[in-house]
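Q: For reference, the structure I am asking about is given below.
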Amino acid sequence: METQRDGTRDSKLNDEIHEVNGATDSEGQDEGSDLEKRADEIYTKYSVTGDVSYLNDTVTLLREGISTLRVGSKDYVVALDSLGASLTSRFDLLGRKDDMEEAISFLERALEFRKPPHPERPASLVNLAHIIRMGFDKGVLDTTQEKYADALDKAVSLNREALALASPADISLRLYALHGLEIALQSRSRSVAASPEGDQDLNEAVSILTHALELESPDDPAYTKTLDTLATIMRNRVATSKSVDFSLAVSLHRQVIERRPPGHDHRPHALVDLTNVLYTRFQQEGRVGDLDEAISLCREARALTPPSNDFHVTPILRLAVVISKRYEHSGLRADLDESIALSEEALSLLPHSEGYSQRSDALNDLALVLISRYDVGGQMADMDRAIALLKESLEATASGNKNHKSRLNTLNNLAEAYRTRYPQTGDIQELDEAILLLEEALREMPTQFPNRGVVLGNLAHVFKKRYDHLGHLRDLDRAISLDREVMDLIPISNPHHPTALCNLADALATPRRVDEAIKVLRQAVELFSPTEPNISLTLMSLAIILTTRFFFAHERQDLDEAIVLYQRSLKLMDLVHPYYAHVLQGLANALQARYDLDIPNSGVREDPSDLDEGITLLRRALKLSPPLHTGRPRTLSALATALGKLFRNSGDEQYLNEAFCLHEEALKLVRLDDPLRATTLSQLGDLYIQAHDYSNSEKEEDRRRYLERAMENYSLATKGYSESPYQRYNMARKWAGYADAYRHPSALEAYDMTLQILPQVAGLSMNLQSRQEALTAGSDGLARKASICAIRNGDLDKAVEFLEAGRAIFWAQVLNLRTPLEDLRSVSPELERKLRDISAGLERGSHRNKLPVDATDVQAKIDIDREGERLNRLNEEYLQTLAEVRKLEGFEDFLRPSRVSALQEAVRHSRGPVVFLVENEEESRCLVMTSSNVRMLSIPGLPTKKLGMLVGFLQGTLHSRPVSLPSESGGESTWVRKEKMDDEHETLSSNELEDRAGKKFVSGGLHSASVDQVFRFVLRALWDDLVRPLLELLDFSKSDDPPVLNWCPTGLFSFLPIHAAGIYASNGQSIDCASDYIVSSFTPTIGALLVPEQGQQPSTHPFKFLAVIQAQTLPFAKEELRKIESHIPAHSLITLGAPGSPPANVDIVVNALSSASIVHFACHGEQDEAKPLESALILQDGRLPVSRIMQQPMPGGSLAFLSACETAMGDKNLPDEAMSLGASLLFSGFKHIIATMWSINDRDGPTVADAFYKRLFQGADGNALEQPNPNSSARALHDAVKRLRAENVSFRRWVPFIHMGR
């Protein structure tokens, strides 16, 4: 928090103005001479006493007297000038806009009568320049008015003219003009930040004054004034730039002091000026001796200034501020108490005059030190009084000019006070009020206001705090946007730049932006000098964020670096530093994390040194946190957690009991709505689990009680809504994991809660890539575990609902935004329109680009953050609108995860049962859903380990690596290495199997295997353990017209060719296989079967077939096109990429997609494992990725044939999210997809396409159709693959083709 007090220079200049005016007044005697004399006498009383009533009397006297003077007379002009000067003084004091405007008016009129070469024109020019410059600096001058648009340029121009007109012999007047010019130049330099123009202005001011010093005699009193002015410029320069040498500023001020010995009227001023330079140097360089000397200088200034002198209060105020700063550095309570006492004394000496700016500063200073004392002791009385003082300051300026600098500082400080008090009161309205105050301050200050960056940064901090409480992403985005704006205002040369970087990093410290936060903090560390006081806090911040990233990414190097940084930070801090305890706790937490990282599988570590050191640090931190300190609950919980680990390590239950006591104390100190409460409850749950697992108690009832208490605390933790969705998700998942592991009755409730929270982790306001990345963070497998838990509990309906709610979340969100709303429109047209518009806005926003971490364009980052803020607001509106819709009768479950009854309706339309394949470590399960019931089949022969083995075999042989299969005889393995890509006798090594499957497969022996042998082995295993038992359950028999069966695989099942399972002879002929019994179709979710026809009208568009051919790189693509042309009517066929047709360029293809009924791609495809949404079809001029396909509406799309490689291959990290090219087209609107599980042979494309389209365009009577029946596409592929198999091709060529959809 900062306040600015630069009124001292303006007051001194005001005195000089009156001195100059007084000198000119005595030159003539006219009818107004008595008036001027009386006005001067009254003004002198004001100068001596500071009593504003004398100033008011001066203004009144001159205003009334002017009307009695002859217009244009010498005394009339002098009176105009004097009245303008008096109004300038009152404006400086009270900040009233009308005073400023009148002063400018009177001074401009006076100037009109003093045409060149009038001897008083230079003085009038300086007077006018002074009020214009001061009006701009105080933010009162309305620069939107044309006459004030270039206010500072005008002030500079007026001063230059005055300097040019002033007689070389009139040193006093020339210095006066120089003084005015340098102030105007400084103001203009501030208004253009650290631009070259600003530096030029300051350099010119320094040059002018340096030249003046060369011309003046050191014995001349004017020399000291010039020296003082030059010192003042240097003082202001070092305050805003690191590139200026402090030594020159200090030297100049010391010279001024030497020329003003004890007894000199202006020595106290000089002492305070040097104090300000030393204070600034301490802030930038951390020299403690500067603070001590500054305090000594202020004490001397105070002693030299009698109470009757108006300046007497200034050294007291400054002394209070400097001593307060020393307290921040040293932590000595005596300094804090003295600072408060001095501030109280200063306040008692200042009058209660309305709008009196120095009193406003004193109120602010006292409030700030009271807040410092509150931070230490937590006494609410200090904070309450601070807020009362700041409100008094605000009221004192309310009826005057609202743009006065003191008022703006007060708005800022009062907002900060509310933010600081908020953690203790928990009243969110305090943050709301702080936001209103800061926004008011920003509205009332000019864009170039010097303190604008401080206010923007504080506003960002409040928004971040409100985000921490409410979890609204729009608040976080607003905070980041504001912090970036601050960075744009503060150049790298500014000493506040590193602090601004730290604030930005704090806002960025979320899972999605943690890398950028670390980069920003590293920049801050580099910019801080080693002696900079804030370097220790920056090191601490970097350590915190590195620890945060460790918990996301689990990189050991982040944790090790964080520990080193914490240790460096501690060495730079005194024991009494306000953040010392905070660093102790951070270091302790990092050491605990490293301890946990190194624990072996036994759960006990032989060397617990990190844990022991962490506990010692936490006990020290607790001693430094008094009972009312806001950080105490967090320290208590951290120590309790560490003691729980020590109990686990040692078995000593005294540590367990102490840990329970500490957690309970922490819970008593935190509010019900404090996010820390949920964290503490979850940690207490962990402690009860440890008690359950490691307690020495032999009583089963004690263990049951520990387990019950653990589940109770986990449940309470997840039901708080103050945490971010990510935090709630992690706590809920932990609850579900423990409840499931211990077979606790709350397991289903825990899984239900976890799956409800999961979509919020990947909120609709994120872009597509960010949503996909958010889902990668440990979500895969959750739905499978929940389903297995429900199966174990006998609730098969819930098992299906869990699978549907917890898988393909990414696509479920997309479909929700595209859901037809006809039913809602008939009930509530207004809500339908609102929801439709919001959904469209969110979908458009989700396709925005994600800015790289290393991007340097600040404005681009600001724009993207603002767009994120807008979309977060839109997301909140979306959720609120959904809540309104669900209040309508019949819409209670609108866009909620489907119940079994709704899912069974989809099964009825799909013309065949849906079979869920649920991977599980112990025993996989199969859920068979028909339109009337759900049945379960155990698959004991395919646990996760064996599925991993099968996937490893297939992936190895498909990537041309050696394979070894389990041998029935258990003999030793032999190895055959593949020499050619087309060789049918490839092998896969056991090492490769381990890498691919992630687990070691141990058998009695291994033998080398050809490609076909691997396929026969895998397909036989799938037949024996899964498909044959399933067919027996369904009572299916072999048939020439088999029924359709919809496979819905999960986990590793997604990578296995279930549809090809069977027993095959060595020549590849089937003995018994799935295709003899069923027509296989795949679906990522039942919702994918339910959505396409929902609310759709029959297409009125003519049938269009789009063929996209990559003839340049695929030799057989032309043949494939000829086969297609033999079945498709010419008037319906659109061809791209073939000779004589338009090119198959990305934009052309995308534009054609929306009007096509059937799309056939004969091209290359590739799966991007790192970024699944960038998996793409390779076209003539580039890639057509999933993310681009999603943006294109396909209202008439019925079938997409992807005769390309890997179009059904999903993300190995997210198999349950269906991130393949085929799935993307299915969810984008096409009802049927033909895709491939891996690379296909180019020569097979024509064969499969010919047989497929022949069947698709064939009517029941065997005749060709004008338009196909897409609902027969699964059977058409079934027949096409049979034809390919009839050519006696290898397994790897016919197995990859699959049908997805209805």
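Q: Identify the single condition in (1) part of a loop (DSSP other than H, G, I, E, B); (2) without any contact (Cβ under 8 Å) to a residue 60 or more places away in the chain that P351 does not satisfy, given that it satisfies every other one.
A: Only one criterion in (1) part of a loop (DSSP other than H, G, I, E, B); (2) without any contact (Cβ under 8 Å) to a residue 60 or more places away in the chain is unmet by P351, namely (2).
Q: Does any residue of segment 525-534 turn out to be surrounded by 20 or more Cβ atoms within 10 Å (Cβ to Cβ) and within 20 Å of the chain's Cα centre (by Cα)?
A: Taking every residue of segment 525-534 in turn, none turns out to be surrounded by 20 or more Cβ atoms within 10 Å (Cβ to Cβ) and within 20 Å of the chain's Cα centre (by Cα).
Q: Taking only segment 131-175 into account, find how many residues are among the hydroxyl-bearing types (S, T, Y) and within 13 Å of I104 (Cα to Cα).
A: Of the residues in that region, 1 qualify.
Q: Give the residue, chosen from S787, S715, S746, S722, that is at pLDDT below 85 and among the hydroxyl-bearing types (S, T, Y).
A: S722
Q: Residues that are under 27 Å from the mean Cα position of the chain (by Cα) and touching a residue at least 60 places away in the same chain (Cβ under 8 Å), at least 2 per element: which helices (runs of 4 or more DSSP H) completely within segment 370-462 meet that?
A: 405-425
Q: Taking segment 675-707 as the region of interest, how many residues are among the acidic types (D, E) and farther than 19 Å from T641 by Cα?
A: Number of matching residues: 4.
Condition check ((1) farther than 24 Å from Q727 by Cα; (2) in contact (Cβ under 8 Å) with a residue 40 or more places away in the chain; (3) out of contact with any Lys or Arg (no Cβ under 8 Å at 6 or more places or on another chain)) across all residues:
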residue: L473; (1), (2), (3): no, yes, yes
residue: E485; (1), (2), (3): yes, yes, yes
residue: I492; (1), (2), (3): yes, no, yes
residue: H497; (1), (2), (3): yes, no, yes
residue: R512; (1), (2), (3): no, yes, yes
residue: I518; (1), (2), (3): no, no, no
residue: E526; (1), (2), (3): yes, no, yes
residue: S529; (1), (2), (3): yes, yes, yes
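Q: For L304, are the conditions met, namely being out of contact with any Phe, Trp or Tyr (no Cβ under 7 Å at 6 or more places or on another chain) and open to solvent by 40 Å² or more (accessible area, probe 1.4 Å)? Spell out the reasoning first.
A: On the way: out of contact with any Phe, Trp or Tyr (no Cβ under 7 Å at 6 or more places or on another chain): yes; open to solvent by 40 Å² or more (accessible area, probe 1.4 Å): yes.
Taking the combined requirement at face value, the residue satisfies it.
Q: Quick check on P829: is it in contact with a Gly (Cβ under 7 Å, 6 or more places away or on another chain), modelled with pLDDT under 90 and over 26 Å from G685 (Cα atoms)?
A: Answer is no for this residue.
Q: Pick out the one residue from A184, A193, A155, A151 that is under 45 Å from the mean Cα position of the chain (by Cα), of a type in the set (G, A, S), crowded, with 16+ Cβ neighbours inside 10 Å and modelled with pLDDT under 75.
A: When all the criteria are applied, what remains is A193.
Q: Being out of contact with any Leu (no Cβ under 9 Å at 6 or more places or on another chain), part of a strand (DSSP E or B) and surrounded by 15 or more Cβ atoms within 10 Å (Cβ to Cβ) is the filter here, so list the residues in segment 1061-1071 that pass it. Give the steps one after another, and end with the answer.
A: Of the residues in segment 1061-1071, the ones out of contact with any Leu (no Cβ under 9 Å at 6 or more places or on another chain) are 1065-1071.
Going one step further and asking which of them are part of a strand (DSSP E or B), we end up with 1070-1071.
Result: S1070, single match.
Q: Restricting attention to segment 468-482, does a residue exist that is open to solvent by 30 Å² or more (accessible area, probe 1.4 Å) and not in a helix (DSSP H, G or I)?
A: yes
The values are calculated or read from the model by the stated rules, or taken from the named source; none is laboratory data. These figures come from a predicted structure and were not determined experimentally. Cβ sites come from the backbone with ideal geometry, for glycine too, and all protein chains shown count toward neighbours. The area values use the complete protein model at the heavy-atom level, side chains included, leaving out ligands, DNA and RNA. Shrake-Rupley method; radii C 1.70, N 1.55, O 1.52, S 1.80 Å.
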